[in-house]
Amino acid sequence: MAVNPDPPEKMKFQLTLRRRGISDLSVLRAMEEVPREDFVEPSDRDDAYRDSALGIACGQTISQPFVVAYMTEQLQLRKDHRVLEIGTGSGYQAAILSRLCRLVLTIERYRTLADSARKRLEKLGYYNVEVLLGDGFDVPTGAGDFDRIIVTAAMEQIPDKLMERLEPGGVLIAPVGPHHGTQTLVRVTRTETGFDRKDLVDVRFVPALSGIAREL
Ligand code: SAH
């Protein structure tokens, strides 16, 4: 196994997150604790603490650390929350979430990614994460409703039936916009009377596609 990146690199990682505006200490701590080098491709381990997205299997990506931290901060998680993530990918975002809430259900449409994320999370001891092979556009009703929902693939629009899976007072964050190009990170809050929507920042995510992937 490769050795852990040296401390200066991790210190720089924290400084970059702070400089870019992440101020929630529990989020910064989670970003410090979760070993990103274990979620990237072996050949990218040396770049694990650079603030950039990296390629993973099935032509997908592990998001840029700043975006992971920013989305997590915007979710305003509490220890008792049950969280749904759509787009498991490497499992990195799920691991970060798992440090800050009670339970994470994360859904991935590629079997290869779902299986390897499940194994990786188990090996690293993130026992409050459940990885499900499935379609985030069709979340099983048996899974119930969620305090928080985070979508980590670009949706052209947020389906009403996904917003309806929020508990009252719940918050959803998703990149919304064209599949290829720039999207806007949108935060939706479920109020007593409906939904409040706020546009946050521009982002670029791989597309959310419906159905379980046929290859792999
Ligand atoms: N959160 C991930 C990165 C996500 S990349 C991480 O931390 O590594 C986006 C992921 O969403 C890809 O793995 C892609 O396969 C998945 N995805 C796209 N559409 C989906 C859908 N409808 N349901 C579930 N997963 C989906």
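Report the FRET efficiency, 1/(1 + (r/R0)^6), for residue 112 and residue 47, where r is their Cβ-Cβ distance and R0 is 25 Å, rounded to 0.05. The pair residue 112/residue 47 has a calculated efficiency of 0.70. Taking a 26 Å limit on the Cα-Cα distance, which of the listed pairs 12/79; 12/198; 12/119; 79/119 fall beyond it? Those over the limit are 12/79; 12/198; 12/119.
Measuring between their Cα centroids, the range 48-100 and the range 6-35 lie 14 Å from each other. Neighbours of residue 131, meaning other residues whose beta-carbon lies under 13 angstrom from its beta-carbon, give a summed charge of +1 when Lys and Arg score +1 and Asp and Glu score -1. As a length-normalised measure over Cα pairs under 8 Å and 6 or more apart, the relative contact order of the range 1-70 settles at 29 percent. Ordered by solvent-accessible area of protein heavy atoms (1.4 Å probe), largest first, the residues 101, 58 come out as 58, 101. Semi-axes of the equivalent ellipsoid of the chain are 25, 20, 17 Å, computed as sqrt(5λ) over the eigenvalues of the C-alpha gyration tensor in descending order.
Full extension of the chain between residue 80 and residue 179 yields a length gain of 32.3 nm, computed as 0.36 nm times the residue separation minus the alpha carbon distance. For the range 59-81, backbone nitrogen atoms closer than 15 Å to the point 7 Å from residue 103 Cα along Cα-to-C-beta are found at 79-81. Counting only DSSP H runs of at least 4 residues, each contributing -39500 (n - 2.57), and dividing by the residue count of the chain, the helix-based mean residue ellipticity at 222 nm comes to -8000 deg cm²/dmol. The relative contact order of the chain, computed from alpha carbon pairs under 8 Å that lie at least 6 residues apart in sequence, is 15 percent.
At a probe radius of 1.4 Å, what is the per-residue accessible area of residue 90, in Å² to the nearest 10? Approximately 10 Å² of residue 90 is accessible to the 1.4 Å probe. Using R₀ = 22 Å, calculate the FRET efficiency as 1/(1 + (r/R₀)^6) where r is the Cβ-Cβ separation of residue 29 and residue 64; round to 0.05. It comes to 0.70. With respect to the chain, whose longest principal axis is taken over its alpha-carbon atoms, helix 65-75 is tilted by about 40°.
The values are calculated or read from the model by the stated rules, or taken from the named source; none is laboratory data. Given the structure is predicted, the values throughout are model-derived calculations rather than measurements. FYI the Cβ positions are ideal-geometry reconstructions off the backbone, even for glycines, and counts take in every protein chain you see. Quick note on the areas: whole protein, heavy atoms, side chains included, nothing else; ligands and nucleic acids left out. Shrake-Rupley method; radii C 1.70, N 1.55, O 1.52, S 1.80 Å.
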